[in-house]
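Down below is the structure, laid out as structure tokens.
Nothing in this text is a laboratory measurement; each read-out follows from the coordinates by a stated rule. Quick caveat, the model's predicted, so the values are computed rather than measured. With ideal geometry, Cβ positions are generated from the backbone for all residues, glycine too; neighbour counts draw on all protein chains shown.
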Amino acid sequence: MNWSNWIYLGAGLALGISFRRLFARSSNVSFSSSSPVPLDQEDMPPVSQQLQQTQLAYQMAREMGQFKAGFLARTTHELRSPLNGLIGLHQLILSDLCEDAAEEREFIAQAHERTLKLLKLMDEILNVARTEHGSNKLDIHPRPLAQILEEVHNLTYMLAANRNFPLQLLPANPEIYVLADYLWLRQILISLIDIAITQMQEGSICISSSTVPTSNFVNIWLDIPTHAIPWSEPIDLIKSEEQPTPINQNNAALSPGMRLLINQTLMEVMGGKLEILPSTIVKEASGQVTRLQISIPLVIPEADLL
């Protein structure tokens, strides 16, 4: 082999090594382009979702705090109104403004009666507070929804009929069971219907229900006239510039707004929700109605699982 052949051989080896390095680099580039993204970029979607969930939880906690502040303010107002009546009666007695002993005894009797009514209001609020705190244990078990609605209808039908307000019940599916405290759920429904009846001037009430396909909840609907909802009563008395309508001293009772808040609290304790949906026009109705929606967990009885 002469020297020129050695030159060609060296040049070929050099070119071969160069092409080999070039192909190796290109393959590394193509491999790195198809390799997974860095760990921090791969974790970005879960971190973003977790951040959104944290923000949502913070907003819910903030709204709940504002709700509790409004609840406390309203409770104070509900108890202060009958107390003012008691103070007025005692001032008349202490100022010797009674004409005789009989009138003084009458004022004392009125003060005693209002004290008992005030104690009843305090017991009602305290009972709800104990239930929310967990001192009063709830008896939460699967209950047939149709049976609950039928009993509510039977207990409130005459109350509505005495004031010429039709009360209609659309039968629920007998196979639907809800997870709730039977007595509390029945009492909440009766209370909402009673609130509507006491506030109604005309119209009717319709009770219906439906399952929610996208969640394990059942919706109970109360369609009532819009004017029967206590919109005029501000929920948060701390922010509101208006004061609620004073309670009638002769018939001290929780106001409709306070009863609505209590029912909302009880539904939350049972794992449900009470909402006031936007007003809507019902074709069968003669006027505008508002829908009260109670969302309660849906449950499948153990017998059906066997």
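What to note about this one:
- Integer Hz, Karplus 6.51/-1.76/1.60 couplings in order for segment 109-120, x for Gly and Pro: 5, 5, 4, 5, 5, 6, 5, 5, 5, 5, 5, 5
- Segment 82-214 pair-distance distribution - Cα-Cα, 10 Å bins, rounded %: 10, 25, 24, 20, 13, 6, 2, 0
- FRET efficiency, N127 to I300 (Cβ-Cβ, R0 45 Å, nearest 0.05): 0.90
- Residue-span extension gain [K137 to A109] - 0.36 nm each, minus C-alpha spacing: 6.4 nm
- Extension reserve of the L277-S210 stretch, reckoned as 0.36 nm per residue once the Cα distance is removed: 22.6 nm
- Simple label model, 7 Å out from Cα along Cβ direction - Q168 to D194, nm: 2.6 nm
- Remark: spin-label model distance L155-A101 equals 4.8 nm, labels positioned 7 Å along the Cα→Cβ axis.
- The smallest convex shape that holds all Cα atoms of segment 104-148, its convex hull, gives 101 Å³ per residue.
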